[in-house]
C-alpha cells in the first residue's frame, strides 16, 4: 500500500461519515458520537440525504456534495448500498474507507458478490478499504476514534491488528484497566481489501508504535504475512493469538470472518521462525504486549523471586519452572547481602520471602540486591502494594467506617509508592526486567486517584493479578530475547 | 477430632487473644482489630501482662486470670513463649487454639523442637491447635474473623482450607470482587497438630459449607487425606491446587511450611480416583469453586455457545474443544427456533452469534432455546451486560460528561438485568448450567450499586472475564458430573 493511503487512513484531516442516523440505538449515531467524544482533530462531514443535522454537525445529502476535500470515508450504510457509496467516494477522490457494515463474505452467496464488487470499484479508483464487518479503526495521535462500542483508549505505544472487533475492545478494556495506552487499534474485519499483513507493514514504520498485538483467524497469504512478520519482529515485538486452531474454532471462524484457519502446528513453526510471540488467550496477549513496552529483555532465563508470602512464592516457582524459567540458586554473596536486609529467620533461598521483613526500604533493597546478582537475569516481585489495598477494600459494612481515608499517609504505603516509582530507574540501571504480580492489583479499582497502583498506571507498568501470569510474561520476554540473539 | 474441639474452634462463645499489643503495626493489634471489625458475636479477652486496655477492651495479665470460661485461644506471642501459653490454656480448660506466630518447623532446628513441644503440651491436655505459621481462621456464621490482613469476606457457602495464608486472602479478595461468600476460611499453616484432612472431615458435616476449595503443598498422611476426600467428594465438591509440583516449587514449599511435596503424577491419579477437581492456579480454583455453588451439573459434555461477537465465539470454541467439551452441531429444530428470534442473516451455527440480534428479549430467548435443545448439556453466554459497562467506563475525559448517570433506565440495560435475574430459574427448569463470560465483568467495578453485574453479584453467579475460563469451568463441572455418575 502506498504511503498516501496509509496517511489518509491513520492521519486523515477530514472524515466523511456515510450513513449517519438520528436514532441513538443505531451505529450511524453511536459511532459518530464516539468520534466526537474522541475529539477528532480534523473535520467531520456526516452524510445522509434524509437528515439536516446530527449531533450539532451539518449533514450532507451525498458524498459528492461535501464542499471540501475528504481523506477518509467511514461507511455504515446497509450492504447493498455500500458499492454505490464507494463509487461516490472514488469520484470524490477519497483515498481510504472503513466499511463497518456487516453482511458480506461471512454470509456467503450474495454477500460475497457484494464484497467483491465493492473491492473492485475501490481498487479501480485508487481507494483502499478496511473491513467490511469491522469494529473500526482508532488512530490516537490524531484522536481518531472510529469505533462501535463507546470505549475510548488512552494514547500510548501499543498497537493492535485484529480480525475480531471483540478482541479490539477487550484489549482497550484491559488498557484502560491497567493504564496502558494505544497508538493504533485496527479491526480488520473480513479483510476484503487490506489484510492484516498490510497493517503490519504500516506499523513497522509507524513512529507511534513500539509493540504490535495481533489476533488472526486465518491468513489470505500466509507466506507474505510471515515474511513481513519476520522482518518486523526484528524491530518491534509481535504478540499474536492464532484462533480457530481446533475444529470447533475453525468452524466458528468460518462463519465469523469467512477465514480458513489452516494447520495449527504449521502456524506454530512459522511463528517460531518469524520471532512472533504466540499466545493462547487475550490476557496473555495483553500482559506480554504491555510488558514489552517498558521492560528490558532479560539476557537469560534465570529468575529471582521476591515474595510477601510463602504460597504465592511456591505457585510462582511452579509456574516459572513450567514456563521454562530457571528459579536459580542464589550465590553465597547474594545471600549474605540479603542477610543484611532481612530478619534473621528469613528463608535463605529463592523465592526470597520477605515475611515480616517487609519493612521500610526492605523491598527496594531486596530488588536491588537480586538485580545486582550475576545469577539473576530478571526479577519477579510478588505481593507488593497490599497495604494500601487491604486498608481500602475491607468489605465488611462495619469496617468501612474504620478505614482511614488518607491511607497514603501510612508510612508503609509511602514506602511502596517510593519503591514502585524507582522501578524504571532500577530496570535501566541493571538492564534487567522487574515483573510484578499481586492480588492487590486485581483489587485496586480503576478510579484510584492515589496510592501505589496509580504510580504504576502512570508509568504504564502492569502488576499482574496472578503469579502464573508474571512467570508467563518473563518467560516470553526471555524467549524473544533469545530469538533476537541478545 | 471430637465434635467439642471443632465447635470450640468454629463456634466459640469466647476468645482469649494472647499477645495483644497497642502498636498499630503489630499483629497483636491488627488481628484483634479485625476480630472487632468482623463483629464477633462472643466475648473477647485480650491478654498481655503489660497492658490494661486495647481497642476499648479490658486486657487480662494472663490466661488464668480471665474470669469466665474460654473456648478458643488466638496466640500471637513470640515462638519461645508459645508453649508456656499453651500450657496455661490447657490449665484453663481451653479446647482449641490458633497459633498465628511463625518461626517453627519451617525454620528447622530449634523451631522444630519448639513446635513439637507445643503440640505435646496441647495434646496432653486435650487441646487442639491450628498452625503455627498461619494467617488465621474465619468462621462466618459467628462472625469470627481471626485474620492477619484487614480483608473481610462476605458470608456464604464456599469454604477454603489452605496451607498458604496468601491463598486464603487471594480467595477472599476474589470473593469480594465477584460477590461470592464464604462459610469457613482455614489457614492451616505448618499443620503441627490439625491437618488439612481433619478440616476436610469437619467440612463434610458442616451445614454452612456447600463447596470446598483446598491449597495443599504437602500431605503428612496422603492415604488418609485421599480416603477422606473420596468420601467427601461424593457429597461436596472439592477443588484443589496441589503446589510444589516442580523441583523449584517443591524447594520453595519446603522453606514455606516444611512440607514435602511428593510425586505429581501420583497426586494426579489419586485426585482422579477420589473425585477431587484438581486445578493449576488460584483463578481456576476460585472460578470453579464459585460455579459449583449454584450451577447444576451438566449431564454431558455438549455445549451450546451464545456470543455477542465473532472473535470471542471463536476463542470460546477453541477453548471448549481444548478443555474436552463438544461444541455440538445444533439440530435443525433448534436452528428453526433460533430463526424466529434472530435476524435473517444470523450465522446458523454454534456458537450462535447474536450480532445485531442482541435486541429486546433476544438473549433470553436464545438461552431458552439452547437449554431446551436435547443436543445441549450446558450453555456458555459470552459478552452479555456490555451495554451498561461501555456507557460507564468510557475513559476519555471529554466523554465523562456525556455519560448518562441513570444508565439503568436504558431499555437494553433493563433487558440485560431481566435476563440475568432469570438465570437461576432457567437453570433449575432445565437442570442445565449457564456459564457467563464477558469483558464487561472485568470492567464492572466492585462498588456498582445497580446494573446487571450487581444482579449477578447478589445471586452469587460469576461472570468470567475470559471465554477460556468459562470453558474450563464448564468442563470441570462435566468431569465432576461424570465422576458422580450422573
Matching residues in the range B:271-283 (part of a loop (DSSP other than H, G, I, E, B) and under 14 Å from the mean Cα position of the chain (by Cα)) number 1
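Which ones in the range A:124-136 are assigned to a strand (DSSP E or B) and surrounded by fewer than 24 Cβ atoms within 10 Å (Cβ to Cβ)?
A:128
One line per residue, one yes/no per condition, for (1) within 11 Å of the chain's Cα centre (by Cα); (2) crowded, with 24+ Cβ neighbours inside 10 Å:
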| position | (1), (2) |
| --- | --- |
| B:142 | no, no |
| B:157 | yes, no |
| B:176 | yes, no |
| B:181 | yes, no |
| B:187 | no, yes |
Per the list (1) under 21 Å from residue B:189 (Cβ atoms); (2) at the interface with another protein chain (Cβ under 10 Å from one of its Cβ atoms); (3) touching a residue at least 12 places away in the same chain (Cβ under 8 Å), residue check on residue B:328 breaks on (1)
Test of understanding: among A:269, A:321, A:344, which residue is free of Cβ contacts under 8 Å to residues at least 60 places away in the same chain, under 30 Å from residue A:215 (Cβ atoms) and within 14 Å of chain B (Cβ to nearest Cβ)? A:321
So which residues in the range B:74-102 are within 27 Å of the chain's Cα centre (by Cα) and under 18 Å from residue B:191 (Cβ atoms)? B:74, B:75, B:96, B:97, B:98, B:99, B:100, B:101, B:102
Against the condition surrounded by 23 or more Cβ atoms within 10 Å (Cβ to Cβ), within 10 Å of another protein chain (Cβ to nearest Cβ) and either in contact with a helix residue (DSSP H, G or I) (Cβ under 6 Å, 6 or more places away or on another chain) or within 20 Å of residue B:246 (Cα to Cα) (or both), how does residue A:316 come out, does it pass? yes
Could you tell me whether the range A:232-241 includes any residue that is surrounded by fewer than 24 Cβ atoms within 10 Å (Cβ to Cβ) and over 16 Å from residue A:271 (Cβ atoms)? yes
Being within 11 Å of chain A (Cβ to nearest Cβ) and outside any helix (DSSP H, G or I) is the filter here; which residues of the range B:241-266 pass it? B:241, B:242, B:243, B:244, B:245, B:246, B:258, B:259, B:261
Qualifying residues in the range B:144-155 (those that are more than 9 Å from chain A (Cβ to nearest Cβ) and modelled with pLDDT of 95 or more) - the one surrounded by the fewest Cβ atoms within 10 Å (Cβ to Cβ): B:155
Restricting the range A:45-72 to residues that are crowded, with 18+ Cβ neighbours inside 10 Å and in a strand (DSSP E or B), the one nearest to the chain's Cα centre (by Cα) turns out to be A:72
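Conditions tested, residue by residue: (1) outside any strand (DSSP E or B); (2) within 30 Å of residue A:463 (Cα to Cα); (3) more than 9 Å from every other protein chain (Cβ to nearest Cβ).
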| position | (1), (2), (3) |
| --- | --- |
| A:103 | yes, no, no |
| A:115 | yes, no, yes |
| A:138 | no, yes, yes |
| A:166 | yes, yes, no |
| A:177 | yes, yes, no |
Just to verify a result, which residue in the range B:284-312, among those that are within 14 Å of another protein chain (Cβ to nearest Cβ), part of a helix (DSSP H, G or I) and at pLDDT 95 or above, is surrounded by the fewest Cβ atoms within 10 Å (Cβ to Cβ)? B:284
State the number of residues belonging to the range A:140-155 that are part of a helix (DSSP H, G or I) and under 22 Å from residue A:46 (Cβ atoms). 1
Need a quick list: helices (runs of 4 or more DSSP H) entirely within the range B:370-450 having at least 3 residues that are at pLDDT below 60. B:386-393, B:397-400
Restricting attention to the range A:228-240, does a residue exist that is within 14 Å of another protein chain (Cβ to nearest Cβ) and part of a helix (DSSP H, G or I)? no
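The values are calculated or read from the model by the stated rules, or taken from the named source; none is laboratory data. Keep in mind the model is a prediction, meaning the values are calculated, not measured. Glycine also receives a Cβ, built like all others from the backbone with ideal geometry; neighbour counts cover every protein chain displayed.
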